[in-house]
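The values are calculated or read from the model by the stated rules, or taken from the named source; none is laboratory data. Quantities reported herein were computed from a predicted structural model and do not represent experimental measurements. Glycine also receives a Cβ, built like all others from the backbone with ideal geometry; neighbour counts cover every protein chain displayed. Calculation scope for accessible area: heavy atoms of the full protein, side chains included, ligands and nucleic acids excluded. Shrake-Rupley method; radii C 1.70, N 1.55, O 1.52, S 1.80 Å.
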Amino acid sequence: MKAFLASTVAASALTLALLAAPPAFAQGAKAAAGTQDTGGYTRDPNAKEGGSIVVTYKDDVSTLDPAIGYDWQNWSMIKSLFDRLMDYVPGTTTLRPSLATSYDISPDGKTYTFHLRKGVKFWNGRELTADDVKYSLDRVTNPKTQSPGAGFFRSIDGYQAVTDGKADHLSGITVVDPYTIKIALSRPDATFLQVMALNFASVVPKEAVAKAGQDFGHHPVGSGAFKLADWTIGQQLVFEKNKDYWRNGIPYLDKITFEVGQEPIVALLRLQKGEIDIPGDGIPPAKFREVMGDPAQKARVVQGNQLQTGYITMNVTMKPFDKKEVRQAINMAINKDRIVQMINNRAVPANQPLPPDMPGYDKSFTGYKYDPAKAKKMLADAGYPDGFKTELYVMNTDPNPRIAQAIQQDLSEIGVKADIKSLAQANVIAAGGAKDQAPMIWSGGMAWIADFPDPSDFYGPILGCEGAVPGGWNWSWYCNKDLDKEAQKADAMVKPDQQQARDKMWSDIYDKVMEDAPWVPVFNEKRYTMKSKRMGGADDLYVDPVHIPINYDYVYVTDVQ
């Protein structure tokens, strides 16, 4: 459940230049032989080691605890501070072993045996072992931790007992020896290796967590490429190179300073003056045309696609949205092309929950065409010839209120009078997580961006029954138990020769979702960011699909003497 809390200003970075991630089962090659760690990445021959950079963000960082952190600023920071069993080739969605040198998968796809790398050390000098992997997975799933990512591990044996408070550890995890750990699943799970690459699967030392207690998020200890050297709340965070990092020559940079409290427009001005290197929140919408119209500034822009969908939710438990015909009519009433133009064409119109680069995307699906006249007739046939009154919740940062006004105008054309509730992000999220508060929500600033490149990630948390709970992210409160069963069947298809059939099953699931129309998919955003002249490294690293928004481990500066 990763709704990156990035505004459209900071549209997040799921570029998919290489959306060819093999199915999880395939990553193990032959189950008996396992998969060797080749790294999958060629060191940049032009890279220079040393130097420091400055990155800015508008908002402060809430936590660096990998079990808790789940927002725009801290996602890639956490990736640089901690390691996981699995990772991705930089700038791609191709899985590779990380703390694990190899792994084996049982023939039935329900048991994974990971062989750990020897000699990896936490910053406190202690070697990382299989006991730490077990502790970290037990910790993230323990309800006392209150991790927003606990549900990702629900396929591990014993998860339900831990969730119900009947156990304090996952029975499916066995430490075979200091460098071998076995994880048994309750069912085959095609996404499991992807889950092992999530931040929530990061490995932490038990003694450091015990020492820091609830404040571990401000005093983290990891084994990643960088160490936290300083944190002045409300001002800056400083990362320093982990000289004992197990990947030779990584990271390239000696230091990164993250300055917080920087308005995006101010950050852009500072970039132009050479005072900073990366404006973490991207190009401000108000300055986009100016930047793209100036050859000197445009040369500093990096652009990529992303696995993101911006949408309008309709609460199916609240009248009149309990009627499918009403929801279908609303789908026909929204002029998506006009909304895309409002954001300087930094997106493409959407017609289904999945973004175009996601496996399972149905290219043949046409969706609901913009047709106000037909929408108005459908409302009348549904018992609302004069329309109705409702409320549209929206995050109060530009351009979201303007988009909400465009939606409001479209709705008025079919007789629907929508009162806009423009609120702080946290208040909109809270309203969406309450069953009886928000009839409609424009998701801008909170739109869904994939945790990993798999169609299941756009279903369970935001359209499945598991997300239709107080505090959940399924703000339409849509719950189709038959589709939930279909989703479970799809995720049990773990073998390589089932991948095409699995993608087709997911396509069918989302087609059925759109028949019920709990959403109006509006657009799929593109990612634009900028970098200073001195920054080096492939563009893919600056719109990395996994180290969102930047892969700090592999970028470098070119002016090191």
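List, please: which pairs have Cβ atoms under 6 Å, are six or more places apart or on different chains, and start with a residue in segment 230-241 that is without any contact (Cβ under 8 Å) to a residue 24 or more places away in the chain and end with one that is polar (S, T, N, Q)?
Once the first residue is without any contact (Cβ under 8 Å) to a residue 24 or more places away in the chain and sits in segment 230-241, its partners that are polar (S, T, N, Q) give VAL238/THR257.
Can you tell me which residue is surrounded by the fewest Cβ atoms within 10 Å (Cβ to Cβ) among those in segment 351-405 that are within 16 Å of ALA333 (Cα to Cα) and of a type in the set (Gly, Ala, Ser)?
ALA373
Among the residues of segment 179-209, which ones are part of a loop (DSSP other than H, G, I, E, B), small (Gly, Ala, Ser) and within 21 Å of THR101 (Cα to Cα)?
ALA190, ALA197, SER202 - these are the residues of segment 179-209 that are part of a loop (DSSP other than H, G, I, E, B), small (Gly, Ala, Ser) and within 21 Å of THR101 (Cα to Cα).
Please specify each residue of segment 138-178 satisfying the condition of being of a type in the set (Asp, Glu) and either buried (at least 16 other Cβ atoms within 10 Å of the Cβ) or in a strand (DSSP E or B) (or both).
Across segment 138-178, the qualifying residues are ASP138, ASP157, ASP177.
What do you reckon, is SER76 among the small types (Gly, Ala, Ser) and farther than 30 Å from GLN272 by Cα?
For SER76, the condition - among the small types (Gly, Ala, Ser) and farther than 30 Å from GLN272 by Cα - is not met.
Please work out if SER443 is under 29 Å from GLY282 (Cα atoms), touching a strand residue (DSSP E or B) at 6+ places or on another chain (Cβ under 6 Å) and hydroxyl-bearing (Ser, Thr, Tyr).
yes
To keep it simple, each residue is scored yes or no on (1) under 30 Å from ALA426 (Cβ atoms); (2) at pLDDT below 95; (3) among the small types (Gly, Ala, Ser).
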{"position": "LYS58", "(1), (2), (3)": "yes, yes, no"}
{"position": "SER80", "(1), (2), (3)": "yes, no, yes"}
{"position": "LYS110", "(1), (2), (3)": "no, no, no"}
{"position": "TRP123", "(1), (2), (3)": "no, no, no"}
{"position": "SER136", "(1), (2), (3)": "yes, no, yes"}
{"position": "VAL140", "(1), (2), (3)": "yes, no, no"}
{"position": "PHE153", "(1), (2), (3)": "yes, no, no"}
{"position": "TYR159", "(1), (2), (3)": "yes, no, no"}
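Can you pull out the residues in segment 476-508 that are polar (S, T, N, Q) and open to solvent by less than 30 Å² (accessible area, probe 1.4 Å)?
Passing the criteria: SER476, SER507.
A quick yes/no check of all residues on (1) open to solvent by 10 Å² or more (accessible area, probe 1.4 Å); (2) among the aliphatic types (A, V, I, L, M); (3) part of a strand (DSSP E or B):
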site	(1), (2), (3)
LYS79	no, no, no
ARG84	no, no, no
ASP87	yes, no, yes
THR101	yes, no, yes
ASP104	yes, no, yes
PRO107	yes, no, no
PHE114	no, no, yes
LYS118	yes, no, no
TRP123	yes, no, no
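Taking only segment 295-347 into account, find how many residues are of a type in the set (Ser, Thr, Tyr) and assigned to a loop (DSSP other than H, G, I, E, B).
The number of residues fulfilling the criteria is 1.
Do you know which residues across segment 261-276 are open to solvent by 10 Å² or more (accessible area, probe 1.4 Å) and outside any helix (DSSP H, G or I)?
GLY261, GLN262, GLU263, LYS273, GLY274, GLU275
Under the condition of being small (Gly, Ala, Ser), farther than 22 Å from PRO285 by Cα and not in a loop (DSSP other than H, G, I, E, B), which residue from segment 365-409 is nearest to the chain's Cα centre (by Cα)?
ALA375
Going residue by residue through segment 509-517, is there one that turns out to be in contact with a Lys or Arg (Cβ under 7 Å, 6 or more places away or on another chain) and surrounded by fewer than 18 Cβ atoms within 10 Å (Cβ to Cβ)?
Yes, that holds for at least one residue.
In this structure, does SER202 turn out to be among the polar types (S, T, N, Q), under 22 Å from the mean Cα position of the chain (by Cα) and under 23 Å from PRO545 (Cα atoms)?
yes
Restricting to segment 125-136, name every residue that is part of a helix (DSSP H, G or I) and either open to solvent by 20 Å² or more (accessible area, probe 1.4 Å) or in contact with a strand residue (DSSP E or B) (Cβ under 6 Å, 6 or more places away or on another chain) (or both).
Hits for segment 125-136 are ALA130, ASP131, VAL133, LYS134, TYR135.
Among the residues of segment 476-503, how many are without any contact (Cβ under 8 Å) to a residue 60 or more places away in the chain and either part of a helix (DSSP H, G or I) or aliphatic (A, V, I, L, M) (or both)?
11
Let me spell it out: the conditions are (1) under 15 Å from ASN524 (Cβ atoms); (2) out of contact with any helix residue (DSSP H, G or I) (no Cβ under 7 Å at 6 or more places or on another chain); (3) at pLDDT 95 or above; (4) in a loop (DSSP other than H, G, I, E, B), and ASP362 meets all of them except one. Which number is the exception?
ASP362 satisfies every listed condition except (2).
Kindly provide the set of residues from segment 453-475 that are open to solvent by 10 Å² or more (accessible area, probe 1.4 Å), hydrophobic (A, V, I, L, M, F, W, C) and part of a loop (DSSP other than H, G, I, E, B), ordered by number.
Result: ALA468, VAL469, TRP473.
Out of the residues in segment 63-77 meeting the condition of being out of contact with any helix residue (DSSP H, G or I) (no Cβ under 7 Å at 6 or more places or on another chain) and part of a loop (DSSP other than H, G, I, E, B), tell me which one is farthest from ARG534 (Cα to Cα).
So, considering only residues that are out of contact with any helix residue (DSSP H, G or I) (no Cβ under 7 Å at 6 or more places or on another chain) and part of a loop (DSSP other than H, G, I, E, B), the one farthest from ARG534 (Cα to Cα) is ILE68.
How many residues, within segment 313-341, are buried (at least 17 other Cβ atoms within 10 Å of the Cβ), within 30 Å of ASP540 (Cα to Cα) and touching a helix residue (DSSP H, G or I) at 6+ places or on another chain (Cβ under 9 Å)?
Qualifying residue count for the region: 1.
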